[in-house]
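Quick notes on the structure that follows.
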């Protein structure tokens, strides 16, 4: 792996950092004040569209989409995107400005890779243009959804339609005012082997029979305007042409979606940890306690040094995973994707916790982004598969590898 960024990537980094300095950091407080004001619940920040237009004009748009998606992609490899995602990750709302925010990124990859020409025209085109947003509807309240074979919502054929019945929760983005399409995973072929029972279908949110049961808060926040919520599907009828790829192909699609999504989260986590470290150092160098700067304390030296080491280790592992995805595909890099999903959120949670401690009372407030970064990374240790699932998968992969590929 080449540790030097190409000239193309260096140029993109410079343009992205300049854009962050000019448009993102100066608006961070305004964004936070707007979305946390109950008066603006489920409303998009008024400046978002103008910043998205500025990003498009700057050529900083859809950078996440890998080169293999041809005409839909700006042509970057995963390794080339990694430093860009890290920079975006420093500010929570920034990825949306560049049309690189989850769950839209994963949903666009699904439609680009598996969607029919008609599905691509109807939903992928406006997603790529940033005109609409989307949700990935998978997790269910009544079963342990970390084992996706447990999913019980049904998508059953009835004439020229499919009929959907069941419940889902923790549906990110479903409350966003621009959400126009759900990618819903459920059971279609009930008698098939368990990994060939599920399908994924495109469902418009205003389809009759869909009810928002409640908003599900994350660490006490409704996370407006993005939101997570619980949905109920009662005899929801959807045209057969909305099915993606084919019946029983849900696991194939989901695995193709989750690999890139997991590493993108990790790239952003590293950006958050890096910013938290920088804030921690500046805070320690500006505060005096017991007649000494905090930065003169040996324990602070250790916190800074450990944080630097841990960030660098996670960054290198992320880059190696991205490089292997480019060389060998998502399946060929699944051990490294699992490893970084285990490592990066925990690392960022640890680093932000140290930064929070150095800031004292200020650290648990919204005066800095540190508290939000801490809770985000704690949540990420569950999202896209909990730590335990990735540890189990990685352990089995290594046993198979080191013991002669036995099953």
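Summary of computed values
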item: Residues satisfying the stated conditions in the stretch 18-53, i.e. assigned to a helix (DSSP H, G or I), over 21 Å from the mean Cα position of the chain (by Cα) and in contact (Cβ under 8 Å) with a residue 40 or more places away in the chain; result: 19, 23, 40
item: Residue list for the stretch 176-187, restricted to those being touching a helix residue (DSSP H, G or I) at 6+ places or on another chain (Cβ under 8 Å) and more than 18 Å from residue 256 (Cα to Cα); result: 180, 181
item: Hits in the stretch 154-171 - residues which are in contact (Cβ under 8 Å) with a residue 12 or more places away in the chain and surrounded by fewer than 22 Cβ atoms within 10 Å (Cβ to Cβ); result: 154, 156, 157, 158, 160, 161, 163, 165, 166, 167, 169, 170
item: Residue 347, sole failed condition from (1) surrounded by fewer than 18 Cβ atoms within 10 Å (Cβ to Cβ); (2) closer than 18 Å to residue 268 by Cα; (3) out of contact with any strand residue (DSSP E or B) (no Cβ under 9 Å at 6 or more places or on another chain); result: (1)
item: Strands (runs of 3 or more DSSP E) (entirely within the stretch 100-182) containing at least 1 residues that are over 21 Å from residue 234 (Cβ atoms); result: 133-137
item: Index of the failed condition, residue 106 passing every other in (1) at pLDDT 95 or above; (2) touching a helix residue (DSSP H, G or I) at 6+ places or on another chain (Cβ under 6 Å); result: (1)
item: Residue within the stretch 183-200 that is within 22 Å of residue 35 (Cα to Cα), in a strand (DSSP E or B) and modelled with pLDDT of 95 or more present; result: no
item: Single match in 318, 375 (criterion: in the same structural domain as residue 394 (by TED's automatic domain parsing) and touching a helix residue (DSSP H, G or I) at 6+ places or on another chain (Cβ under 6 Å)); result: 318
item: Residue within the stretch 63-79 that is surrounded by fewer than 20 Cβ atoms within 10 Å (Cβ to Cβ), in a loop (DSSP other than H, G, I, E, B) and modelled with pLDDT of 95 or more present; result: no
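The values are calculated or read from the model by the stated rules, or taken from the named source; none is laboratory data. Note that the coordinates shown come from a computational prediction; the quantities given were computed from them, not determined experimentally. All Cβ positions, even for glycine, are placed from backbone atoms using ideal geometry, and neighbour counts span all protein chains on display.
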